[in-house]
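Novice: Pasting a structure here, questions to come.
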Amino acid sequence: MEDDLFKPIPGEGIMPHKPGTEIPEPEPPGDGPILARVQHSRPHHLDNGRTILRPSLPYDDVSHMMSCFLDLYIGARYAPGPSRPGCVCHATVISGTVSLTAEGHNYQLLERDALRFKADQPYYFENISSGTGRLLLEYQYLQNLA
């Protein structure tokens, strides 16, 4: 079964959520933990294969969050379109050095650095290291999606 979490949009990237007026599909109700295994997700190859976006935890209706992993190979760039109004991204660099341009500022992020920014405005990541840049991106929808 194909992931419905990522939808292509016009422009440079794929959003890790459904853009426009669509609402991310919540997980079935349950009080227990949700386990997301890498073998159950389908990676999305972008930028001629230099960028890989892989879903992690699906949208959760209680926390209004979802997450994905982003791998940027040498020289790669990831520039999705802006998200829904009120969406923020929590980006944590797992390894490598990555440049992030968001909210009119440019940040050089090193391993274990984290930055929260408004994802409802244009932003992009670029790998500026000689190895792979790996990030965990967590998106939180602060406004009511209904």
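Novice: So is Glu111 in a loop (DSSP other than H, G, I, E, B), acidic (Asp, Glu) and either farther than 19 Å from Leu46 by Cβ or open to solvent by 10 Å² or more (accessible area, probe 1.4 Å) (or both) or not? Walk me through how you get there before you give the answer.
Specialist: Numbers: in a loop (DSSP other than H, G, I, E, B): yes; acidic (Asp, Glu): yes; either farther than 19 Å from Leu46 by Cβ or open to solvent by 10 Å² or more (accessible area, probe 1.4 Å) (or both): yes.
Yes.
Novice: Let me ask something additional. Out of Ser67, Ser63, which single residue is of a type in the set (Ser, Thr, Tyr) and in a loop (DSSP other than H, G, I, E, B)?
Specialist: Working: Ser67 fails: in a loop (DSSP other than H, G, I, E, B).
None of the other options fit; the residue is Ser63.
Novice: While we're on this one: Which one of these does Ile94 not meet: (1) part of a loop (DSSP other than H, G, I, E, B); (2) open to solvent by 50 Å² or more (accessible area, probe 1.4 Å)?
Specialist: (1)
Novice: Looking at the range 114-146 only, could you name the residues that are closer than 22 Å to Arg54 by Cβ, assigned to a loop (DSSP other than H, G, I, E, B), open to solvent by less than 70 Å² (accessible area, probe 1.4 Å) and not small (Gly, Ala, Ser)? Show your work before the answer.
Specialist: Here is the first cut: in the range 114-146, the ones closer than 22 Å to Arg54 by Cβ are 114-117, 119, 123-129, 131-141.
Narrowing the set further to residues that are assigned to a loop (DSSP other than H, G, I, E, B) leaves 119, 128-129, 131-132.
Filter once more, so that each one left must be open to solvent by less than 70 Å² (accessible area, probe 1.4 Å): 119, 129, 131-132.
Thr132, the sole residue that qualifies.
The values are calculated or read from the model by the stated rules, or taken from the named source; none is laboratory data. What you see is a predicted model, and the numbers here were worked out from it, not measured in a lab. Cβ atoms come from the backbone with ideal geometry, glycine included; neighbour counts cover every protein chain shown. For accessibility, only protein heavy atoms count, side chains too; no ligands or nucleic acids. Shrake-Rupley method; radii C 1.70, N 1.55, O 1.52, S 1.80 Å.
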